[in-house]
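See below for the structure under consideration.
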Amino acid sequence: MAYMLGVSLLTLLVVLYDWPRIQKNQVKERAVFTTLTLLGWLILLLVKLFPNMPGTTQLITAIYKPLSAMLN
């Protein structure tokens, strides 16, 4: 629980530091900043909550394994 609170606090501090530095007319930059920050925060919490969660390599293998079987 303390880990999640610490990560959330650090994420909030990063947002509070960087958000005012992105100009208001930079809508795309703000959208990318928000998206990447939320995705990073979410992935970090998911890895902590579910340490045995399969990684991206296993996901790609699961997707392409049937395709490689069809090609052979």
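The values are calculated or read from the model by the stated rules, or taken from the named source; none is laboratory data. Computed from a predicted model, the values in this text were never measured in an experiment. Every residue, glycine among them, receives a Cβ derived from its backbone with ideal geometry; neighbour counts consider all protein chains shown.
Structural remarks
- Selection of segment 32-72 for residues being among the basic types (Lys, Arg) and touching a residue at least 24 places away in the same chain (Cβ under 8 Å) yields only Lys48.
- Within segment 44-55, the residues that satisfy the criterion of being under 29 Å from Trp19 (Cβ atoms) and out of contact with any helix residue (DSSP H, G or I) (no Cβ under 7 Å at 6 or more places or on another chain) are Leu46, Val47, Leu49.
- For segment 41-52, the criterion of a residue being aliphatic (A, V, I, L, M) and not in a helix (DSSP H, G or I) is satisfied by no position.
- Residues that are in a loop (DSSP other than H, G, I, E, B) and surrounded by fewer than 10 Cβ atoms within 10 Å (Cβ to Cβ) were ranked within segment 54-72; the one that is modelled with the highest pLDDT is Gly55.
- Residues located in segment 1-43, provided they are aromatic (Phe, Trp, Tyr), touching a helix residue (DSSP H, G or I) at 6+ places or on another chain (Cβ under 8 Å) and either loosely packed, with under 10 Cβ neighbours inside 10 Å or more than 23 Å from Pro54 (Cα to Cα) (or both): Trp19, Phe33
- Among the residues of segment 1-40, those that are not in a helix (DSSP H, G or I) and not charged (D, E, K, R) comprise Met1, Ile22, Gln23, Asn25, Gln26.
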